[in-house]
Amino acid sequence: MTTPLRPVRRLDPILVDRIAAGEVVERPASAVKELVENAIDAGARSIEVTIEGGGRRLIRVVDDGAGMSADDLALAVERHATSKLPGGDLTRIDTLGFRGEALPSIGAVARLTLTSRTADADTGATLTVDAGVKGEVRPAPSARGTRIEVADLFSATPARLKFLKSDRAETAAIGDILRRIAVAQPGIRLVLRPESGAPQVFPAEADTGSAATLRRLTGVFGTDFAANSAPLAMAREGFALTGHIGLPSYHRGNANQIHFTVNGRPVRDRLLLGAVRGAYADTMSSDRHPVLALAILCDPALVDVNVHPAKTEVRFRDPGLIRGLIVSAIHETLRQAGLRGSTTGAARTLDALRPASLPTSSLPPSRFPGSGYALHSGASAYPAPSAAQPRGWPSVAAPSGYSAPRAPAFAGLAEAPQAAFQHDFAVPSADLRAPPEGELAEAVAQPLGAARAQLHETYIVAQTTDGLVLVDQHAAHERLVYERLKGERARGGIARQGLLIPDVVEMAPGDAERLVAAAPDLDRLGLTLEPFGSGAVLVRAVPAALANASIRNLVADILDALTASGLEDDSPDGTDEGGGPLGRRLDAILSRMSCHGSIRAGRRLRPEEMNALLREMEATPFAATCNHGRPTFVELKLHDIERLFGRR
């Protein structure tokens with residue numbers, strides 16, 4: 001039985017405010033965001049936030065901004081009352097807040113107390129709104145600026161409390177909000193004082209230059225960010241993009257460290273996040289995320305910030321322009337950064353190499369009691385492991401304070417043949433006779449140094465001026481082949497090599513149809529094929545760089561790439577050669593193809609081949625990672641190696 005409709009009536013103003021609070025104040029972090037943004041709009045240079053109970057029991061925001069008079073205080077808690085739209089033009093919003101809904105919405109679901117004083121006033125004024133009931137404005141002692149206290153948040157709507165998380169989770173959410181505001185406003189001092197734990201302090205930077213921004217970002221992201229990032233600056237058609245971006249080899253497991261600001265407003269927008277993913281697609285694994293902070297400046301009329309109640313999303317008048325600007329700027333910045341690997345990779349490598357404590361019960365008896373060392377007799381200095389000495393343990397007991405070796409830093413990246421090794425000590429796979437002294441000195445001075453050995457037919461060891469470099473030969477060459485194929489495609493066509501005897505590749509009929517449908521685009525990538533009955537294709541030419549690859553495996557990988565990217569469903573006009581959908585999908589196929597033309601793990605290289613690979617890496621953009629996002633090399637400084645052996 002349905003309830004009959006009742007006459008239309010106006011909702012109670014307090015109920016209206018509580019409904020609005022559901023849109024604006026989702027959790028304590030939302031209230032903190034609104035209050036801090038109001039303080040910034042008031043010209044505050046120092047803002048302190050104190051919370052208790054994850055923000056449920058208390059949120060206190062104190063700023064040194066312009067403050068409010070008694071009359072302004074009374075109006076500030078009314079709906080749609082604001083000082084931020086003097087001309088009433090919603091197309092040119094140049095403040096962080098403008099709706100005039102935050103204070104009345106918060107006051108409708110909590111006990112809100114405002115105390116404020118302007119610079120020319122002798123005393124301040126205070127006002128309380130309790131669950132939507134507005135009190136009287138009264139005189140009160142106050143420093144210049146505004147002090148806002150929110151007590152018992154959602155006490156007027158207790159059902160909302162059930163949807164809040166633990167105090168720790170809510171405190172973490174507030175900390176994330178403050179960090180995003182800190183990134184957007186480096187000139188403002190921000191302090192978060194939680195109920196327990198040390199306060200988070202972001203000191204104000206005296207200037208607004210790149211160096212000051214980097215200092216603020218280092219305080220937000222951590223001290224490693226400075227050494228693993230590059231400054232970015234680019235402008236195009238009324239938009240200016242500045243900031244710092246992390247190297248592809250410096251990444252995180254989630255997107256929480258991607259920060260964007262638009263005209264000083266922190267935003268999390270799907271268009272911007274998608275542009276970042278596209279820009280790093282060739283240099284970072286799909287399950288990893290970069291660390292970066294970018295600021296977009298433009299005419300307020302070019303962006304609509306009034307598309308989300310919490311103002312966390314924006315809409316650009318020309319989304320394609322801003323996406324292209326972000327992708328181009330990141331690509332160009334990474335290209336100019338040159339051959340730089342993450343410093344954290346070296347730290348992980350040293351951690352993997354650093355010995356750990358060994359179980360004394362399994363160690364051979366010491367020949368020199370009290371010495372701390374156990375020496376072995378026999379003809380060989382490095383005897384084969386025995387049952388008493390498990391494989392992988394050194395023949396000399398580690399000094400006190402050292403620990404057993406952890407898993408190798410590159411475990412799983414390539415399978416190394418073990419049959420050629422009779423003991424656990426790394427031996428060169430290639431005999432590198434010393435080159436002439438002049439050539440050696442010249443090669444050592446290069447960024448990747450001079451090749452000195454090949455280990456397990458997989459890794460190249462190179463000596464540099466101040467350390468050594470360990471290179472994964474397959475990952476490195478895969479990047480070189482990929483960039484070569486991309487360059488050839490950009491210049492008008494990939495060089496191809498016709499097959500003397502065309503190769504017939506059989507597969508499921510549906511797969512064959514998918515390949516044939518994509519044949520015109522694949523032909524632009526150097527792969528020429530045609531239908532050959534039901535469930536087969538005839539391959540007539542392959543890219544010259546992949547002339548020695550297995551045709552069947554190459555076609556199977558391309559088919560996987562087609563299925564993953566949906567290339568066959570794209571527009572057939574063939575006009576998209578750049579960073580659009582078709583261009584990105586063609587690059588995804590080239591990435592798969594390049595793996596087949598790369599030096600495989602397990603192949604022994606001659607000295608001149610290894611050095612040639614190092615020199616080509618130095619001249620190739622994005623060579624610090626392969627196309628799948630894995631590092632191609634790790635650099636260890638000499639002072640780090642000396643510390644490893646206790647020399648420092």
If I filter segment 289-305 for residues that are of a type outside the set (A, V, I, L, M, F, W, C) and either within 23 Å of Ala347 (Cα to Cα) or at pLDDT 95 or above (or both), do I get at least one hit? yes
Could you check how many residues of segment 234-266 are of a type outside the set (D, E, K, R), in contact with a helix residue (DSSP H, G or I) (Cβ under 8 Å, 6 or more places away or on another chain) and in contact (Cβ under 8 Å) with a residue 40 or more places away in the chain? 19
Among the candidates Thr208, Thr213, Thr218, single out the residue that is among the polar types (S, T, N, Q), surrounded by 14 or more Cβ atoms within 10 Å (Cβ to Cβ), within 24 Å of Leu272 (Cβ to Cβ) and touching a Pro at 6+ places or on another chain (Cβ under 9 Å). Thr213
Within segment 549-557, can one find any residue that is among the β-branched types (Val, Ile, Thr), at pLDDT 90 or above, assigned to a helix (DSSP H, G or I) and buried (at least 20 other Cβ atoms within 10 Å of the Cβ)? yes
Quick check: anything in segment 44-66 farther than 30 Å from Asp299 by Cβ, modelled with pLDDT under 90 and out of contact with any Cys (no Cβ under 6 Å at 6 or more places or on another chain)? no
Within segment 450-474, work out how many residues are part of a strand (DSSP E or B) and touching a Ser or Thr at 6+ places or on another chain (Cβ under 7 Å). 4
Being within 30 Å of Val32 (Cα to Cα), modelled with pLDDT of 90 or more, surrounded by fewer than 17 Cβ atoms within 10 Å (Cβ to Cβ) and not assigned by TED's automatic domain parsing to the domain that holds Glu635 is the requirement here; does Arg236 meet it? no
Matching option when the condition is under 12 Å from the mean Cα position of the chain (by Cα), within 20 Å of Ala233 (Cβ to Cβ), outside the structural domain of Ala588 (by TED's automatic domain parsing) and assigned to a helix (DSSP H, G or I), among Val276, Val327: Val276
Restricting the search to segment 214-233, which residues are among the hydroxyl-bearing types (Ser, Thr, Tyr) and either in contact (Cβ under 8 Å) with a residue 40 or more places away in the chain or touching a Gly at 6+ places or on another chain (Cβ under 6 Å) (or both)? Ser229
Can you tell me which of Thr312, Thr242 is surrounded by fewer than 22 Cβ atoms within 10 Å (Cβ to Cβ), modelled with pLDDT of 90 or more, among the β-branched types (Val, Ile, Thr) and not assigned by TED's automatic domain parsing to the domain that holds Asn627? Thr242
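The values are calculated or read from the model by the stated rules, or taken from the named source; none is laboratory data. Since this is a predicted model, take the numbers as computed values, not measurements. So basically every Cβ, Gly included, is an ideal-geometry build from the backbone, and we count neighbours across all protein chains shown.
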